[in-house]
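Each remark here refers to the structure printed beneath this line.
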Amino acid sequence: MSGPSTYVPKSAIGRWFESRLPVMGLVHSSFIAYPVPRNLNYMWTFGAILSFMLIAQILTGIVLAMHYVPSATEAFQSINHIMRDVNYGWLVRYMHTNGATLFFLAVYIHMLRGIYYGSFKPPRELLWIIGVVIYFLMTATAFLGYVLPWGSMSFAGATVITNLTSAIPIVGTSVAHWLWGGYAVGGPTLNRFFSLHYLLPFVIAAFVGLHVWALHVVGQNNPDGVEVKNVERDTVAFTPYATIKDVFAVSIWFIIYVWLIFFIPNYLLDADNYNIANPLVTPSHVVPEWYLLPFYAILRAIPNKLVGVIALFSAIAVLAFIPWLDRNPVKSAKYRPAFRFFFWVFVVICVGLGWIGSQEPTDALTLIARFLTAGYFGFFLVIMPVLSFTERTKPIPASIADAVLAKKPAAAEA
């Protein structure tokens, strides 16, 4: 979509450099002159917000790694050392812990927007799949990071999750021992988790680069789900039109970020994690971070351990297949009333699963979780394929420009 660069440096040095390494031409064609649909709204600013959060997480993680000690005997104390003795260590750690919360909140909004507006449909299937891979890497990184403080909840979480691999037939126990680095969760486990937690954000950054590259090849989707037909009428330059929105949205997100850090930094942290890990003492109610609670609820809802593990990973894997599960040619839910209804039901199901995952299990909650789990998979495996061929959709605009112009009379009357 961006095409060859038309950027020409004004200085002789700039032209010499550009002829040998066209970095500025790449930036100009990708982030300045790059054409974007003229009807984009603020839901399309979460890509910039996620880029900001990823950079913040990597930078704060690097600083924390300078002082953290991945040892079963010293990890907990090294966290206290960071919080109490390192200059502004408390600030860096709160930026990192609360940054993870905002990172996942932004990615969930970003993914739900993609489902609602059909951003996974042709020609953007690979773009969507790369996004799912990024999300899977994020969940793995978040779990590994949750273990590092080596508090009671960290130790219990590591024990519960790594024990799931023992459900794999034949090789399950061997895989669990390999993850532990021994016969139980301990020092070697912590060391391995720290190494992977430090490495994976850079892998995520690489996939984000692929994600942006794929986006610039096929172009951005838009609220009306109509492809660009006339570049001059349907698009505007990325800068300043999209960058102004991005800067404003990132500024609002930054204010929320700062508010969390300075006013309620421990609101989403578990109090049990302020007790040092003890293999002989298990917290009364083991739960993961809020952004993994829906999957935890799915895992607990299924009595068979192996089937539960399969359902847990399938809940994420199914996202990669929705370009082929939803075959309706109309992309945007604005013109799909039935899909729009089931989409919001799906959102309620996800929130319900998250709440159940945070509660102590009871027979009643387990039954509800099973129904919600069936609804979660039913949305992808039943509702999407059925609506692909049965839904009556509303007429879509002939072009992006027509969709924009159709709103102007209404705006004038208002």
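The one condition from (1) more than 21 Å from V351 (Cβ to Cβ); (2) assigned to a loop (DSSP other than H, G, I, E, B); (3) of a type in the set (A, V, I, L, M, F, W, C) that V287 does not meet is (1). For Y108, state whether it is among the aromatic types (F, W, Y), touching a helix residue (DSSP H, G or I) at 6+ places or on another chain (Cβ under 9 Å) and buried (at least 18 other Cβ atoms within 10 Å of the Cβ). When the stated conditions are applied, Y108 does not pass them. Quick one: would you say R370 is surrounded by fewer than 20 Cβ atoms within 10 Å (Cβ to Cβ) and at pLDDT 95 or above? Judged against the criteria, R370 is a match. Taking the criterion of being among the small types (G, A, S) and within 17 Å of the chain's Cα centre (by Cα), the residues of segment 206-225 that qualify are A206, G209.
Considering G25, G99, G14, which residue is assigned to a helix (DSSP H, G or I), buried (at least 20 other Cβ atoms within 10 Å of the Cβ) and not charged (D, E, K, R)?
Going through G25, G99, G14 in turn, just one is assigned to a helix (DSSP H, G or I), buried (at least 20 other Cβ atoms within 10 Å of the Cβ) and not charged (D, E, K, R): G99.
Within segment 67-87, the set of residues being over 18 Å from F193 (Cβ atoms) and of a type outside the set (V, I, T) comprises N80, H81, M83, R84, D85, N87. Can you confirm whether A100 is over 21 Å from the mean Cα position of the chain (by Cα) and assigned by TED's automatic domain parsing to the domain that holds Y267? Against the criterion (over 21 Å from the mean Cα position of the chain (by Cα) and assigned by TED's automatic domain parsing to the domain that holds Y267), A100 does not qualify. Determine whether W90 is part of a helix (DSSP H, G or I) and surrounded by 19 or more Cβ atoms within 10 Å (Cβ to Cβ). No, not satisfied.
Restricting segment 73-97 to residues that are of a type in the set (V, I, T) and closer than 23 Å to V185 by Cβ, the residue that is nearest to the chain's Cα centre (by Cα) is T97.
Every residue, every condition in (1) surrounded by 20 or more Cβ atoms within 10 Å (Cβ to Cβ); (2) aliphatic (A, V, I, L, M), yes or no:
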position: N230; (1), (2): no, no
position: D246; (1), (2): yes, no
position: P265; (1), (2): no, no
position: L280; (1), (2): no, yes
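The values are calculated or read from the model by the stated rules, or taken from the named source; none is laboratory data. Here the structure is a predicted model, which is why all the values come from computation and not from measurement. Because the Cβ atoms are built from the backbone with ideal geometry, glycine has one as well, and the counts that use them run over all protein chains shown.
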